[in-house]
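The structure appears below as structure tokens.
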Amino acid sequence: MPSHSPLLTYERESIMLSVEEALKRILAAITPLESVRLPLQDAFDHILAQEIIAHDDNPPFANSAMDGFALQSQDTQHTPVRLKVIGDIAAGHVSGQTVTPGTAMRIMTGAPVPPGADAVIQIELTNPSDEWVEVLQPVLRGNNIRPAGEDIQKGQKLLSPGDLIGPWETGILATLGYDHVEVIRKPRVAILGTGDEVVEISAELQPGQIRNSNSYLLEAAVRKAGGIPTRLGIARDTVESLREKLNEAITYDLILTSGGVSVGDFDLVKDIMQEQGEMNFWRINMRPGKPVAFGHIHGVPLLGLPGNPVSSAVTFELFGRPVVRKLQGHTRLYRPQIEVIVADGVQEKAQRRHYVRAHVSLEQGRFVAHTTGKQGSNLLTSLLNANALVIVPEGGTQILPGQPARALMLDWPEVETLE
Ligand SMILES: Nc1nc2c(c(=O)[nH]1)N[C@H]1C(S)=C(S)[C@@H](COP(=O)(O)OP(=O)(O)OC[C@H]3O[C@@H](n4cnc5c(N)ncnc54)[C@H](O)[C@@H]3O)O[C@H]1N2
Ligand code: MOO
């Protein structure tokens with residue numbers, strides 16, 4: 001048993017940061033990771049770390065946009081007109097023949113336009129036979145020809161460092177022949193559960209024990225945020241056990257712990273942070289999730305999330321997710337906030353700012369929030385079906401049914417500024 005030591009000064013001085021101040025301090029201490037060269041197929045969803053310049057034109061050669069006949073447009077001024085078919089060009093083949101006045105060549109979509117031809121007529125507007133084609137209407141010069149460089153010109157800059165590689169960018173990179181690209185690597189995130197009562201999820205529960213749900217929830221949330229999570233198991237409520245686990249964790253880019261950050265006798269995460277690094281801050285004026293500790297051990301950022309499952313989930317969304325994104329080189333770090341109508345209202349007695357789990361949907365042109373029921377920080381079911389956090393301002397505010405409030409949209413794309 002530990003001695004019931006008096007509270008440390010930092011614990012007594014109840015400095016509670018605002019959410020904004022805490023986020024500012026955390027992100028100021030985070031810098032994007034270094035870049036790596038990845039095969040294109042692995043670069044999806046990474047932030048680009050190089051300029052992308054076209055080394056060739058695209059399309060690389062003038063080609064046909066239709067299946068039909070390559071011809072000289074001047075031959076079609078008076079239609080119908082019969083032209084002699086002098087050959088075939090399939091996509092992927094280059095013809096050695098030249099289209100001369102009075103002749104045409106059968107051509108497929110994507111095939112190079114033969115020398116001499118200045119237009120293509122689609123097959124539907126002709127009466128073809130083996131040797132001859134009857135062209136039924138005049139064709140303008142350039143008709144159905146996709147010129148070289150129509151899409152991309154050699155030397156053109158297409159993507160810049162900081163751009164996100166999605167499916168469209170991948171298509172561009174592939175067409176330009178970038179089989180490898182320089183991207184910011186993804187953070188490896190160590191996840192550590194703490195507490196003597198916490199056991200593996202497959203364990204038969206003994207009296208007083210609970211399953212390590214936080215580590216699994218956080219693992220999924222880290223993955224969703226684009227990080228590479230590893231669960232390092234559960235540290236016991238002893239300094240030795242925590243030291244041992246954290247010793248492994250310091251080989252990662254970010255450490256997330258859950259539990260052990262409050263003021264109980266066994267809440268040791270803060271102590272270890274002070275012993276092996278430094279603690280930047282410890283308390284935030286919010287609910288759920290007041291005891292969030294942030295600092296470094298051996299130079300690795302450590303975000304100590306509260307043990308209560310909902311507190312852990314909500315504080316990861318608010319603080320952990322932006323960190324994981326910033327490490328990846330993203331500049332859009334924050335979920336957007338919008339105004340919603342709170343259908344069922346929220347009564348808030350605590351003085352802290354409350355992030356109430358809710359489902360927001362568009363109802364007759366307005367965004368309406370329905371809270372997810374009881375909101376205790378131990379009630380995991382309050383997260384089910386939640387796609388938003390309704391923000392009840394600090395100071396014991398009450399939001400009546402039908403009144404407006406701001407909501408943080410958990411399933412909307414991130415924005416650059418925290419509103
Ligand atoms: N005297 C005070 N007590 C508490 C305060 C306070 O200000 N003064 N704050 C309360 C608040 S708010 C929260 S949140 C919790 C956070 O405490 P800890 O982060 O130290 O977490 P624990 O005490 O270790 O655990 C809290 C709760 O969560 C369960 N837990 C822990 N780890 C897991 C896990 N991996 N998976 C699932 N559930 C977990 C644990 O069993 C406890 O029930 O402190 C309040 N107390
Ligand atoms: O911050 Mo605690 O998360 O209110 O339960």
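When you scan the range 133-237 for strands (runs of 3 or more DSSP E) that lie fully inside it, which ones turn up with 3 or more residues that are more than 18 Å from Val323 (Cα to Cα)?
157-159, 180-184, 228-235
Let me spell it out: the conditions are (1) part of a strand (DSSP E or B); (2) within 16 Å of ligand 2 (Cβ to nearest atom); (3) farther than 21 Å from Thr230 by Cα, and Glu278 meets all of them except one. Which number is the exception?
Failing condition for Glu278: (2).
I'm trying to understand the selection: among the residues of the range 85-122, which are in contact with a helix residue (DSSP H, G or I) (Cβ under 7 Å, 6 or more places away or on another chain) and part of a loop (DSSP other than H, G, I, E, B)?
Answer for the range 85-122, where residues must be in contact with a helix residue (DSSP H, G or I) (Cβ under 7 Å, 6 or more places away or on another chain) and part of a loop (DSSP other than H, G, I, E, B): Pro101, Gly102, Asp118.
Please find, among Ala388, Ala405, Ala313, Ala343, the residue that is more than 16 Å from ligand 1 (Cβ to nearest atom) and surrounded by 22 or more Cβ atoms within 10 Å (Cβ to Cβ).
Ala388
Report the residue count in the range 343-372 for those that are of a type in the set (A, V, I, L, M), farther than 22 Å from Thr315 by Cβ and over 26 Å from the mean Cα position of the chain (by Cα).
1
Would you mind listing the strands (runs of 3 or more DSSP E) fully within the range 311-419 where at least 1 residues are free of Cβ contacts under 8 Å to residues at least 40 places away in the same chain?
Here the list reads 353-363, 366-371.
How many residues does the range 56-66 contain that are charged (D, E, K, R) and in contact with an Asp or Glu (Cβ under 9 Å, 6 or more places away or on another chain)?
Count: 1.
From Gly373, Gly329, Gly365, which residue is away from ligand 1 (no atom under 16 Å from the Cβ) and at pLDDT below 95?
Gly373
Step by step: first the residues of the range 208-251, then only those that are within 16 Å of ligand 2 (Cβ to nearest atom) and surrounded by fewer than 18 Cβ atoms within 10 Å (Cβ to Cβ), then the one that is nearest to Gly304 (Cα to Cα). Which residue is that?
The extreme case among them is Ser213.
State all residues of the range 59-84 that are assigned to a strand (DSSP E or B) and buried (at least 19 other Cβ atoms within 10 Å of the Cβ); if no residue qualifies, say none.
Listed by number, the residues that qualify are Asn63, Ser64, Gly68, Phe69, Ala70, Leu71, Leu83.
Output yes when any residue across the range 360-383 is touching a Gly at 6+ places or on another chain (Cβ under 6 Å), crowded, with 19+ Cβ neighbours inside 10 Å, farther than 28 Å from Val198 by Cβ and not assigned by TED's automatic domain parsing to the domain that holds Ala220, and no when none is.
No, that holds for no residue.
Would you mind finding the one in Leu140, Leu136 that is aliphatic (A, V, I, L, M), more than 17 Å from Pro59 (Cβ to Cβ) and in contact with a Leu (Cβ under 7 Å, 6 or more places away or on another chain)?
Every option except Leu136 fails the conditions.
Using beta carbons and a limit of 8 Å, which pairs, at least six apart or on different chains, have the first residue in the range 248-259 and outside the structural domain of Ser215 (by TED's automatic domain parsing) and the second one away from ligand 2 (no atom under 16 Å from the Cβ) and not in a loop (DSSP other than H, G, I, E, B)?
Final answer for the pair search is none.
Each row is one residue, and each column tells you yes or no for (1) in the same structural domain as Asp267 (by TED's automatic domain parsing); (2) within 18 Å of the chain's Cα centre (by Cα); (3) of a type in the set (A, V, I, L, M, F, W, C).
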| position | (1), (2), (3) |
| --- | --- |
| Gly155 | no, no, no |
| Asp163 | no, yes, no |
| Pro167 | no, yes, no |
| Leu176 | no, no, yes |
| Asp179 | no, no, no |
| Ile191 | yes, no, yes |
| Asn212 | yes, no, no |
| Glu219 | yes, yes, no |
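Looking at this structure, is Leu192 within 16 Å of ligand 2 (Cβ to nearest atom) and in contact with a strand residue (DSSP E or B) (Cβ under 7 Å, 6 or more places away or on another chain)?
Answer is no for this residue.
I'd like the residue in the range 252-275 that is outside any loop (DSSP other than H, G, I, E, B) and over 27 Å from the mean Cα position of the chain (by Cα) and, out of all such residues, is farthest from ligand 2 (Cβ to nearest atom).
Of everything passing the filter in the range 252-275, Glu275 is farthest from ligand 2 (Cβ to nearest atom).
The values are calculated or read from the model by the stated rules, or taken from the named source; none is laboratory data. Source: prediction; values computed, not measured. Reconstructed Cβ throughout: ideal geometry from the backbone, glycine too, with neighbour counts over all protein chains shown.
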